[in-house]
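The values are calculated or read from the model by the stated rules, or taken from the named source; none is laboratory data. Please read these numbers as outputs of a predicted model, since none were measured by experiment. Counting neighbours? That spans all protein chains shown, and the Cβs are built from the backbone with ideal geometry, glycine included. Heavy atoms of the whole protein, side chains included, go into the accessibility calculation; ligands, DNA and RNA do not. Shrake-Rupley method; radii C 1.70, N 1.55, O 1.52, S 1.80 Å.
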Amino acid sequence: NVTFLPFISKLKKILSCKVYLETHDFFTDLTLRTDINTSKKLRQQRFERKYIPTLDGVFCLMDSQIELYRQYYPNTRFILARTGLTKFRVDKKRNERDSLGYIGSLDIHKGVRNIFSIASMTKTKPPVIVIGAKSKAEKERFIEEASKLYDSSKVSVYLWQDKKSLLELMNRMKLGFVTLEDTFFNQYLTSPLKLFDYYSKQIPVVGTKIGTLSELVRDGSTGYLYSIGSEKEIAEKIDKLYSDDELYASIQDNIDKFCDELTWDVRAKVIAEEISKSN
């Protein structure tokens, strides 16, 4: 939280210690932020501008976030420390996966409804699993909305799940969707936890073609990216994955290798080495 920066700055002066910030946002130039109420973030802007130049380093989740900050703080050290994941053993002989999956909020700006439009364009017409309804009322309302776009008998919507139940449901997911809208936060800052959940189970990702996802989804290798307006094209790729077991297995292998770069151990090592280097 950047509002803690004044206190960190005092500690730095009192103890003559190294001070780092890990940031998941960006407030330095509020003229870029069309996705938030900027009048409520002036304090955060003031703190970033005043204190980031005094820090020994800033940890960021995304390269796009680092490039953004560097435009304003060329002399500050920025370090990439991606969100981590825990790899799970996947038994490829068990072929339970048949569904398009989504984990997360059902808020309209999350774009989850795009899944049903894309599913309706496929020849496969797969089941769809959605996890993230906040209440039974929201669940029922969402199913009603989904029925206008897709066959509701193929749609399963779940409330938020505990970790064990979530992992069991993910065993049924053949593809995981990250349907982000093109906002400033999504373009430069977001590091979607659901994407790391999918990868942890070797589930290929289908996502919108925006900056942050282009860093995390290797198009054609660990999943597929699509632009708004190219839903038919992505539907054809989904059909291909359902019909080509060898292609699907190769993408799983690619995910498995990519995950070696994304574990919590790797993240911890990056942070530990950086701090050790500064002592």
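Structure notes:
- Residue match in the range 32-43 (condition: crowded, with 19+ Cβ neighbours inside 10 Å and modelled with pLDDT of 95 or more): no
- The set of residues from the range 55-84 being open to solvent by less than 20 Å² (accessible area, probe 1.4 Å), free of Cβ contacts under 8 Å to residues at least 60 places away in the same chain and aromatic (Phe, Trp, Tyr) comprises 69, 73, 78.
- In the range 159-171, the residues that are surrounded by 13 or more Cβ atoms within 10 Å (Cβ to Cβ) and at pLDDT below 95 reach residues that are of a type in the set (Asp, Glu) and part of a loop (DSSP other than H, G, I, E, B) with C-beta atoms within less than 6 angstrom, at least six apart or across chains, in these pairs: 171/96.
- The range 124-145, subset not in a helix (DSSP H, G or I) and not aliphatic (A, V, I, L, M), residue nearest to residue 167 (Cα to Cα): 132
- Qualifying residue in the range 93-109 (condition: free of Cβ contacts under 8 Å to residues at least 60 places away in the same chain, touching a strand residue (DSSP E or B) at 6+ places or on another chain (Cβ under 7 Å) and not charged (D, E, K, R)): yes
- Residue ID - modelled with the lowest pLDDT, chosen from residues in the range 220-231 that are open to solvent by 10 Å² or more (accessible area, probe 1.4 Å) and either among the β-branched types (Val, Ile, Thr) or in contact with a Lys or Arg (Cβ under 8 Å, 6 or more places away or on another chain) (or both): 228
- Residue in the range 174-191 that is within 17 Å of residue 129 (Cα to Cα), among the small types (Gly, Ala, Ser) and either modelled with pLDDT of 95 or more or part of a helix (DSSP H, G or I) (or both) present: yes
- Qualifying residue in the range 202-214 (condition: open to solvent by less than 40 Å² (accessible area, probe 1.4 Å), without any contact (Cβ under 8 Å) to a residue 40 or more places away in the chain, in a helix (DSSP H, G or I) and closer than 27 Å to residue 164 by Cα): yes
- Filtered residues of the range 109-123 (kept if open to solvent by less than 70 Å² (accessible area, probe 1.4 Å), in contact with a helix residue (DSSP H, G or I) (Cβ under 8 Å, 6 or more places away or on another chain) and outside any helix (DSSP H, G or I)): 113, 122
Okay, residues lined up against (1) β-branched (Val, Ile, Thr); (2) over 21 Å from residue 213 (Cβ atoms):
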{"site": "67", "(1), (2)": "no, no"}
{"site": "74", "(1), (2)": "no, yes"}
{"site": "85", "(1), (2)": "no, no"}
{"site": "89", "(1), (2)": "no, yes"}
{"site": "98", "(1), (2)": "no, yes"}
{"site": "108", "(1), (2)": "yes, no"}
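- Residue match in the range 99-110 (condition: over 19 Å from residue 186 (Cβ atoms), out of contact with any Phe, Trp or Tyr (no Cβ under 8 Å at 6 or more places or on another chain) and not hydrophobic (A, V, I, L, M, F, W, C)): yes
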